[in-house]
Structures are given as C-alpha cells and as structure tokens.
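Notes follow the structure.
No value in this document is a laboratory result; all are computed from the given coordinates. Remember, predicted model here, so these are calculated numbers, not experimental data. Every residue, glycine among them, receives a Cβ derived from its backbone with ideal geometry; neighbour counts consider all protein chains shown.
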Amino acid sequence: MEAIRWYSDPQNCIDAVAALRWPHGKPTCPKCGVAEGERKHYWLKTQRRWKCYSCRKQFSVKGDTIFEDSPLGLDIWLTALWMLRNCKNGVSSYEVARATGVSQKSAWHLLQRLRLVLKDLKPAKVEHGPAEIDEVFVGPVPSKMHRSRRLRMKVGGHGGDNKIAVLGMLDRETRQVRAKLIPEVTREVLQDEIFRHIERGATIYTDGHMGYDRLRLNGFVHETVTHIEEYVRGSVHTQGIENFWSLLKRTLKGTYVAVEPFHLSRYVDEQVFRFNNRINHNDGTRFAKALAQVAGRRLTWNDLTGKEDPKDSIPF
C-alpha cells in the first residue's frame with residue numbers, strides 16, 4: 001500500500017526511474033547521446049519530458065526502456081513490477097488488471113515485457129563449485145485434458161513428446177541458479193551448456209542421467225546419485241536444484257496454469273530472478289534491482305505474439 005500511494009504521483013514515478021536509469025542524476029538524450037552535463041536540457045513541465053539542447057528532440061524517461069511507446073502511465077507500470085517481483089508464486093494478468101484498472105490483455109502484455117527485464121543477460125560462470133545440475137520437463141498433462149484436446153494434440157500416456165526440457169544449474173557457494181530451455185536432453189546439448197557456464201575443475205553433482213557420463217574425462221570432479229537407490233549420499237545430492245523446480249512448477253501450475261512453449265522462457269527467467277534475490281533482499285531492494293534493468297530492452301506486440309517470425313515456436 002505504501003508503494004501504491006507513493007507511485008500514484010507521476011512525478012515520483014519519473015524521479016524513481018530517472019534515478020536508477022541515470023545514477024549520476026543527469027538525463028541523457030537517447031537520440032544523440034548528449035548528457036545534461038554537456039548541454040543543459042530543457043524540462044517541459046506540462047509534458048513531463050525533456051527537450052535536448054543539442055538535437056532539439058524531446059525525450060522522456062520512458063525512451064529506450066521497456067516502457068517505450070506505451071500509453072500506460074508509469075504508476076501502472078511500477079505497481080505491476082512491484083506485484084510481479086514480490087509475489088512468491090507470481091501474479092496473474094487478471095490480478096494485475098483488477099489492481100490497476102487496465103484490461104486483461106494490456107496487463108498480460110505489460111507482464112510479459114516486465115519479465116524480459118528480469119532476464120540476466122550476463123550470468124557469472126561457476127568457478128569452483130560445487131554445482132548441482134538437473135533437468136525437468138514442463139508441459140501439458142494429458143490425463144487432465146479434455147478428450148477432444150488430447151486427440152487434437154495427439155498425445156497419450158504421460159505426454160512426454162509435448163513437454164519442453166529445461167536445464168538448471170545451482171551454484172552451492174553463491175546459491176545462484178541458472179535455467180534455460182534446451183531442445184533435447186542429449187549428451188551433446190547438456191555438456192555444451194555445462195562447458196559454457198562452469199569452469200573446468202569444478203565439482204558437479206548430478207543424477208544418473210547418461211547425458212552426464214563423460215564429465216570426468218573433460219576435467220570436472222563429477223559425483224552422481226542414483227534416485228532408484230538413494231536421494232542423498234553425504235554432500236552428493238541434487239536437492240537444491242530440485243527445490244527450484246518445485247517453486248517453478250508451483251508457479252506455472254498454480255498461478256499461470258497454461259503457459260505456451262513460445263513464452264515459457266520468460267516465465268523461467270522470472271522465477272530465476274525471484275529465486276536468486278530471495279536472500280539479503282526485501283521488497284524494496286528487489287524492486288529497485290529490477291527497475292535498474294529496464295533500459296535498453298524492448299518487446300513489441302509482434303515480437304511477443306510471434307507475428308514477425310512464426311517459424312520460431314520455441315526461443316532456445
């Protein structure tokens with residue numbers, strides 16, 4: 001309630017975004033790149049934007065951010081970001097629509113754009129470990145489908161052919177997790193991701209999947225636990241990354257219910273951000289960290305719905 005009251009003032013919203021976007025306190029024109037320290041920008045009070053002294057173009061705090069070209073006010077954007085970041089199991093578009101007064105379709109687009117903000121573009125590599133690695137399959141449950149839909153999708157049994165594989169890595173030292181969609185759970189795909197995110201010589205804990213069977217030959221200290229026989233053997237287990245999987249599934253099944261494969265990666269990024277910032281953070285610091293990442297990211301409606309490139313059904 002305190003956040004909603006504070007961000008109900010448009011000027012407070014502009015000041016908050018400007019302070020995190022330009023930490024030095026000097027607005028920079030996104031058109032020509034001239035900062036206010038070099039030339040004095042004009043503040044247009046009635047329009048709540050600046051006019052660049054150099055190129056004579058007007059720009060607002062929304063320019064070159066996830067908010068660009070949005071008719072919605074920053075008060076709605078920041079309220080939705082606060083709700084998304086601080087709801088443990090996520091927040092649905094219907095709930096945001098009821099809280100902010102916008103349509104459900106607008107709330108859904110707004111949340112998808114905010115999820116893009118939460119993506120970590122440069123995750124740090126695991127240097128020494130130990131690290132837990134596991135994969136999970138996310139998708140429809142045929143036994144809970146209507147018969148007509150099950151026949152239309154041509155699924156049966158457990159529906160494994162219609163599920164999407166997600167690979168996760170948990171650094172036990174930093175308690176940071178990395179997760180991404182992968183096309184298949186073959187040895188080549190799994191170990192290529194391991195080589196990209198984990199330094200040689202690190203200790204790795206996995207289950208008995210055959211896709212991890214040659215890690216020792218590639219310079220890693222590899223320990224496995226066979227779930228048919230046991231789940232924990234001393235420090236050898238994958239309970240940490242499985243905890244993340246339980247949170248992800250609870251979010252997808254309990255809050256979002258039906259997530260299309262085309263959009264799944266953003267929901268995974270949302271849960272990764274929430275998991276990685278659960279310790280030593282409160283609602284305010286989590287919100288500030290997310291708000292500091294809004295610059296330089298765009299997600300248009302055509303990109304979101306796949307109208308520009310319909311061939312890409314899953315963004316790996």
**Request:** Return the FRET efficiency for the residue pair residue 173, residue 149: r is the Cβ-Cβ distance, R0 is 45 Å, and the value is rounded to the nearest 0.05.
**Result:** 0.50
**Asked** Using only the Cα atoms, what convex hull volume per residue in Å³ does the range 158-211 have?
**Response** 107 Å³
**Request:** Post the alpha-carbon centroid distance, the range 54-108 to the range 190-220, in whole angstrom.
**Result:** 40 Å
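For the chain, what does the equivalent ellipsoid look like in terms of its semi-axes, each the square root of 5 times an eigenvalue of the Cα gyration tensor, given largest first in whole Å? Present the calculation step by step, with values, prior to reporting the outcome.
Working: eigenvalues 317, 121, 65 Å².
Semi-axes (√(5λ), whole Å): 40, 25, 18.
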**Request:** Could you check how many percent of all C-alpha pairs in the range 131-259 are farther apart than 24 Å?
**Result:** 35 percent
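Give the order of 43, 108 when sorted by the count of other beta carbons within 10 angstrom, beginning with the fewest.
Numbers: 43 12, 108 18.
With the sparsest Cβ surroundings first, the list reads 43, 108.
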**Asked** What is the calculated FRET efficiency for residue 72 to residue 163, with r their C-beta to C-beta distance and R₀ = 51 Å, to the nearest 0.05?
**Response** 0.90
**Asked** Which far-off residues, 5 or more places away or on another chain, put their amide H under 5 Å from the one on residue 281, with H placed in the peptide plane?
**Response** none
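Could you put 145, 210, 1, 83 in order, starting from the residue whose Cβ has the fewest other Cβ atoms within 10 Å?
Values: 145 15, 210 10, 1 5, 83 21.
Ascending number of Cβ neighbours within 10 Å: 1, 210, 145, 83.
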**Message:** How charged is the neighbourhood of residue 88? Take every other residue with its Cβ under 13 Å from the Cβ of residue 88, and add Lys/Arg as +1 and Asp/Glu as -1.
**Reply:** +3
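What is the sum of charges, Lys and Arg at +1 and Asp and Glu at -1, for the other residues whose Cβ falls under 14 Å from the Cβ of residue 104? It would help to have the intermediate numbers written out before the result.
Details: positive: 98, 105; negative: 95.
Charge balance in the 14 Å sphere: +1.
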**Item:** Residue-by-residue Karplus 3J(HN,Hα) for the range 99-107, coefficients 6.51, -1.76, 1.60, Hz, glycine and proline x
**Value:** 6, 9, x, 8, 6, 5, 5, 5, 5
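Would you mind ranking 241, 204 by Cβ crowding within 10 Å, fewest neighbours first? Each step should come with its number before you reach the end.
Details: 241 25, 204 21.
The most exposed by this proxy come first: 204, 241.
How large is the helix-only mean residue ellipticity at 222 nm for the chain, computed as the sum of -39500 (n - 2.57) over DSSP H runs with n ≥ 4, divided by its residue count, in deg cm²/dmol to the nearest 500? List each step's numbers first, then the result.
On the way: 11 runs with 110 residues, N = 316.
After summing the helix terms and dividing by the residues of the chain, the value is -10000 deg cm²/dmol.
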**Prompt:** Which of the residue pairs 125/307; 88/180; 51/105; 31/180 have a Cα-Cα distance greater than 31 Å in the structure shown?
**Reply:** 125/307; 51/105; 31/180
